[in-house]
1. Using C-alpha positions alone, give me the convex hull volume of the stretch 30-93 per residue in cubic angstrom.
2. Obtain the nm distance between the two label points defined at THR51 and MET66 by a simple spin-label model: each point lies 7 Å from its Cα along the Cα-to-C-beta direction.
3. Please order GLU79, GLU70 by the number of other Cβ within 10 Å, starting at the fewest.
4. If the limit is 22 Å between Cα atoms, which of LYS37/LYS60; LYS53/LYS87; LYS37/LYS87; LYS53/LYS121; LYS30/LYS93 go over it?
5. Only counting other Cβ atoms within 10 Å, I'd like HIS102, HIS63, HIS94, HIS35 sorted with the fewest neighbours first.
6. Using the count of nearby Cβ atoms within 10 Å as a rough guide to exposure, how do ASP45, ASP29 rank from fewest to most?
7. How far apart, in nm, are two points set 7 Å out from the Cα along the Cα-to-Cβ line at GLU85 and at ILE119?
8. Using a simple spin-label model with points 7 Å from Cα along the Cα→Cβ vector, what separation in nm is obtained for THR107 and HIS35?
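Nothing in this text is a laboratory measurement; each read-out follows from the coordinates by a stated rule. Nothing here was measured: the structure is a model prediction, and the numbers come from that model. Cβ: placed from backbone, ideal geometry, glycine included. Neighbour counts: every protein chain shown.
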Amino acid sequence: MTYIPMKFHLYLFLTSTFALQDAFIRNLDKPPCIHCKHYLPDPSDSFDASTAKCRMFGGKDTHTGMVLYEHAVLVRGDEIRCSVEGKYFEGEKHLCLKRAGHMVQRTGPVGLFIVLLNIFKYMV
């Protein structure tokens, strides 16, 4: 009979346990809304907050003329609109710039300073 060290047993247990957990993650292959060009983050909240809107769906207020967009979470949950599959998903080509712009809009001059520092860091 071959002796198998206890460390190996522990390794097999952990790898098999975590490998099974990966198999149960739903929608792992679906594109996230924050990578879509129609994604409109809430200016008063973080970029990936649940208060974000979708520019693809909404309606115009006939009194004020403003377009009121639907929440992205509700649009993705509705099978008629975008659904979990992301029927109307279009990838954002400049996601980093969109995030940086949102940060500057949200935090003002401090955000602009942080963005410029990060850009400078990669230039040196």
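1. Looking at the stretch 30-93, the number lands at 90 Å³ per residue.
2. If labels sit at THR51 and MET66, their model points lie 1.4 nm apart.
3. On the way: GLU79 9, GLU70 17.
Least crowded to most crowded, the residues run GLU79, GLU70.
4. Values: LYS37/LYS60 20 Å; LYS53/LYS87 16 Å; LYS37/LYS87 13 Å; LYS53/LYS121 32 Å; LYS30/LYS93 18 Å.
Distance filter (> 22 Å) returns LYS53/LYS121.
5. With the sparsest Cβ surroundings first, the list reads HIS63, HIS94, HIS35, HIS102.
6. On the way: ASP45 13, ASP29 7.
With the sparsest Cβ surroundings first, the list reads ASP29, ASP45.
7. In this crude spin-label approximation the distance works out to 4.0 nm.
8. So the two model labels end up 2.5 nm from each other.
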